[in-house]
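Read the structure below first, then the notes.
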Amino acid sequence: MSASSGRIHVLGLGNLGRLFAHELALQPKPPAITLLLHRQGLLDEWEAAGEKIEITTDGVVSSSSNYDVELVSQTQEGVIESLIVATKTLNTVKALSSVRHRLTYNSTVLFTQNGMGTVEEVTSAVFPSPSTRPHYLKSITSHGVYSLGPFRSVHAGLANVTIGRAILPGQSDTGNPSKSKSLIDRIVSSPGLAAREVDPQELIRLQIEKLVVNAMINPLTVIFDCKNGVLFNRASIVYLMRLLLAEASQVIQSLPELRDDPEIASRFSTQNLETIVLDVAEKTAQNTSSMLQDVRAGRATEIDYINGYIVKRGKEQGVECNMNEKLIQLVKEGKVIEVEDTK
Ligand code: KPL
């Protein structure tokens with residue numbers, strides 16, 4: 001058996017991929033890091049950027065440069081031990097398919113995406129067989145990062161990362177969990193990420209909370225075309241959010257993976273979820289939500305993995321989600337609604 005090298009590969013070099021790679025590279029004894037670039041144009045941009053990642057925090061620019069880079073191809077060889085996947089939700093299956101042949105039962109894959117359902121989708125499309133499926137980790141990130149151009153980002157909202165083992169609904173661990181410790185330790189010991197590890201059940205609860213926050217703030221900022229902080233100053237939008245939240249709360253409380261959880265009724269009550277959503281909207285008042293940024297840039301949104309996930313799981317459990325379905329439709333139709341009333 002070959003000895004572990006500790007090398008970390010990063011797939012997806014948008015804001016989150018840059019932040020993770022950069023913070024890992026700034027450790028006093030950094031791991032070897034390989035950036036996986038999925039097209040030639042990105043390699044050209046990497047060279048034009050001086051072969052470094054630049055992150056600006058509070059006006060201070062820091063750069064990191066000791067990376068190896070590889071252009072992803074089906075002929076590229078070498079087992080990938082630890083992979084951080086930071087691609088957009090919609091591109092994850094395609095991106096992972098391109099490195100599938102380099103991942104084994106002993107590899108660890110960390111999913112960093114927003115929304116839910118990607119891990120299940122990747123499992124059926126890329127790793128259908130449990131005997132060759134890598135071990136999965138999932139992280140939830142509340143850092144605010146936006147792009148200044150290729151390989152240059154601003155780390156605006158200093159926040160945190162939560163990481164843990166991702167267990168598929170109704171299943172036990174995938175792959176070999178004993179191999180993931182070194183990646184978790186690396187993430188948790190990067191000061192700029194402010195990361196902590198939680199157990200799989202708490203990870204599910206936190207993922208669902210984040211899903212609900214994104215399912216309320218993101219699409220509502222799209223249809224009302226406003227920043228996060230303005231949204232809930234309007235009584236009619238608060239009312240709308242309560243209807244959406246009531247559906248989400250009912251779906252969550254019916255989920256088999258949470259049904260026996262003693263914390264479920266209090267933690268996922270409509271009232272508690274509302275408190276969490278309003279708190280995040282206030283803390284990120286100056287943000288343009290990621291979904292509104294996508295819409296403005298003409299990109300596809302992740303709504304199918306956010307409100308779409310709530311609707312899908314609702315259908316499985318016999319809970320109707322008409323309001324969330326309507327909201328998805330409005331976002332997809334690109335409708336912007338004007339409101340004038342205030343609280
Ligand atoms: O995660 C976010 C997003 O925009 O995707 C929130 C929390 C809504 C902050 O903008």
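Helical runs assigned H by DSSP (4 residues or longer) give the chain a calculated mean residue ellipticity at 222 nm of -12000 deg cm²/dmol, each run adding -39500 (n - 2.57) before division by the residue total. Helix 235-254 and the long axis of the chain differ in direction by around 60°, with both axes built from C-alpha atoms. Under the combined filter of DSSP loop state and at most 16 neighbouring Cβ atoms within 10 Å, segment 235-281 retains these trypsin sites (Lys or Arg not before Pro): ARG259. Per-peptide packing, taken as the mean over residues of other Cβ atoms within 10 Å, places 196-205, 273-282, 215-224, 55-64 in the sequence 215-224, 273-282, 196-205, 55-64 from highest down. The radius of gyration of the Cα set in segment 237-343, together with its Dmax, comes out at 15.0, 43 angstrom. Taking Lys and Arg as +1 and Asp and Glu as -1, the other residues whose beta-carbon sits under 13 Å from that of GLY192 total 0.
Hey, in the GNM for the chain with a 10 angstrom Cα cutoff, which one of ALA166, ALA86, ALA235 fluctuates hardest? Top of the fluctuation ranking is ALA235. Dipole of the chain computed with +1 at Lys/Arg Cβ and -1 at Asp/Glu Cβ about the Cα centre; of LEU243, GLY170, LEU258, farthest Cα towards the positive end is GLY170. Our summary of shape: the Cα atoms of segment 60-182 have principal axis extents of 47, 34, 28 Å, ordered from largest down, in whole angstrom.
In a fully extended conformation the segment linking SER269 and TYR146 would gain 41.0 nm over its present Cα-Cα distance, using 0.36 nm per residue.
Largest GNM mean-square fluctuation among GLU257, GLU47, GLU325, using the chain with Cα springs under 10 Å: GLU47. What do you get for the angle between helix 200-223 and the principal long axis of the chain? Use alpha-carbon atoms, 0 to 90 degrees, nearest ten. In the chain, helix 200-223 runs at an angle near 60 degrees to the longest axis. Let me make sure I get this right: for segment 170-266, a, b and c are the square roots of the gyration tensor eigenvalues over alpha carbons, sorted descending. Under 1.5 in a/c it's rounded, otherwise prolate if a/b > b/c, else oblate. Which is it? Cα axes put segment 170-266 in the oblate bin. Straight-line reach from LYS210: which aspartates and glutamates have a Cα under 17 Å away, not including same-chain ones fewer than 8 places off? Filter leaves GLU197, ASP199, GLU202, GLU247, GLU257, GLU263, GLU274, ASP279, GLU282, GLU302, ASP304. The tail of the calculated P(r) for the chain beyond 25 Å holds 53 percent of all Cα-Cα pairs. As a test, work out the antiparallel percent of DSSP beta bridges whose residues both lie in segment 133-205, rounded to the nearest 5. Roughly 75 percent of the DSSP beta bridges within segment 133-205 come out antiparallel. Over 26 Å apart at the Cα level, from the set LYS227/LYS315; LYS179/LYS283; LYS227/LYS332, are LYS227/LYS315; LYS179/LYS283. Using the Cβ of LEU43 as centre and a radius below 15 Å, the other residues enclosed give a net charge of -4, where K and R count +1 and D and E count -1.
Compared with the dominant Cα axis of the chain, that is its longest principal axis, helix 322-333 is turned about 60°.
Highest mobility in the GNM of the chain, judged by mean-square fluctuation with C-alpha springs under 10 Å and restricted to GLN286, GLN207, GLN253, is found for GLN286.
A short reminder: the numbers here are calculations on the coordinates, not readings from a lab. None of the values given here were measured: they were computed from a predicted structure. Backbone-built Cβ (ideal geometry, glycine too); neighbour counts: all protein chains shown.
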